[in-house]
Each structure stands twice: as structure tokens, then as C-alpha cells.
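Quick notes on the structure that follows.
Only the coordinates and a few stated rules stand behind these numbers; no lab work does. Treat the numbers as computed from the prediction; the structure is a model and nothing was measured. Reconstructed Cβ throughout: ideal geometry from the backbone, glycine too, with neighbour counts over all protein chains shown.
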Amino acid sequence: MNETIKLLQNHRSVRFFEDKPLSEEQIKAIVVSAQAASTSSFIQAYSIIGVTDQDKKDQLAALAGGQEYVAKNGHFFVFCADLHRHELIGELEKKDVLPSIESTEKFMVALIDAALAAQNAAIAAESMGLGICYIGGIRNNLDAVSQLLKTPKRVIPLFGMTVGYPQKENEQKPRLPFEHIYHENEYNQDTEAYKKQLSIFDEIISEYYQERTDGKRSDTWTGQMAQMLEKQTRMYMKEFVKKQGFDLR
């Protein structure tokens, strides 16, 4: 197994960081690595906002649900779906690009481009001995986040990423079985086999939590997911996306 695969398979979220900012060189290396990710048709439909102002970080931490590590880290990145520049391209080139920009397809391209760039950034950071944690909580209130970051129309902050020097690392969470994720040639629809795999995984996760919490927790994965999905969260998203200029035609 080579060093790149070891790095990838050793990933875990880090939520406690030393009080030490990233250097400009590190920040640039992470962003340039993100830019090297694949992008659909060279469209590059994303932007990255680095938040260094402590007051803004504190506000983002509150908006993300009181996640302290959003405020206390080496650097905070916000990855955005961005078709604002492409609207400007249409104006520069005198082409009617709006029907395309407002389509569901281009919205998906922007989401995918941003996610690919972010994962490159995460790997770059971890290769430098840094820790990272994705922050989906900024979508709790995108109106407030957008105002705080002054994002224009056709730009949507998707998620944040805390990066820094790990002060404490959690144990790595187990993942679903390989057989549950990988399908060969066609989607495996053997429901009974699926349920059996989930049951086995539940036992693994329950043991993981018991060991991690000295017996205070014994959650199962299916129990966690069912409880989470039963609650309707961020149901405003469709209207917010439309307001930002993505009609999703």
C-alpha cells in the first residue's frame, strides 16, 4: 500500500486544534491543490472564501449550530457553488447564457465541482500533517451566511472546512461494508442481504461508541440515520436556491 492510499484511508474528522494559524504558503498550497481537481468541461463553477476575521468566524460558528471549532482553528474555508462569473462571461461575450446557468444540470455541475475541489483541499491539508473537518452547518441559515460573506447572486455557500494543527484526534469511525457500497455491473437489489449487512454494521458501530464513551453510548448506525432523517431540516433550501438564480429547469 503506497503512502497516498495510507493517507486517504487514515482520514478522520478533527475538531480540536492548536491555537496556531496556517501560513500563507500553506493556504495557497491547499487552494492551488483544490484548483487542480477535475472540473466538468473546464467550467470551474466554484469559489473558495478563506475566513480570517475572528468576528466573522465567531458568527459562522454560531450560525453553524454553536460548533466551537468553526471559530477556533488554523484557517476556515467556505466552498461555494459559483456561476456568478459565468453570467459575467455571457455579458463579456454577448451570449445568452442565462437559460443554461439557471438549469438543474449546471447547478449540479457547480455542486460537483465544489465537492471535488474540497476533497483535493482536504487531502492536501492532511498531507501536511494538518487535520480537517467539513462543516455542513453553515447551511442552517444561508441568508445570514451569504450576507456575512457578501456573496452575490448565483453563488451559494455549500459547506465549510476547518483546517489546523490537531490538538486531539478521534478514533477513526468505521465505514459501511465494502459490499454495501460497491456494486458490480448493476445495482444489487437483494434487500435481505442489504438488511443483514446493515445489522452487522450496526453491531460494529455500537461497539465503537461503547469503547469511545466508556459505555455511555451504544448507538446503531441505522438508529442514528432514522432519527436524523425523521427530522425535517433546512427545508427552505429549494426556495433559497431559486432566489440565488438557479431556477432548476
(message) Quick check: pseudo-label points 7 Å beyond the Cα along Cα→Cβ at residue 88 and residue 35, how many nm apart are they?
(response) 1.5 nm
(request) Based on the mean of other Cβ atoms within 10 Å per residue, sort peptides 120-129, 174-183 so the most packed one is first. (result) 120-129, 174-183
(message) For region 72-141, which trypsin sites (Lys or Arg not before Pro) pass both filters: DSSP loop (anything but H, G, I, E, B) and at most 15 other C-beta atoms within 10 Å?
(response) 94, 95
(request) Please list the helices of the chain that count as membrane-span-like by this rule: a mean Kyte-Doolittle hydropathy of at least -0.5 together with Cα atoms stretching 27 Å or more along the helix axis, each helix being a complete DSSP H run. (result) 104-127
(message) Can you classify region 124-183 as rounded, prolate or oblate using the Cα gyration tensor, where a ≥ b ≥ c are the square roots of its eigenvalues, rounded means a/c under 1.5, and otherwise it's prolate if a/b beats b/c and oblate if not?
(response) oblate
(request) Please list the non-local residues whose amide H lies under 5 Å from the amide H of residue 18, H modeled 1.01 Å from N, same-chain partners needing a gap of 5 or more. (result) 165, 167
(request) Grab the Cα-Cα distance for residue 248 and residue 211, subtract it from 0.36 nm times how many residues apart they are, and report the gain in nm with one decimal. (result) 8.8 nm
(request) Under 22 Å Cα to Cα from residue 6, which lysines show up? Leave out anything in the same chain fewer than 8 places away. (result) 168, 173
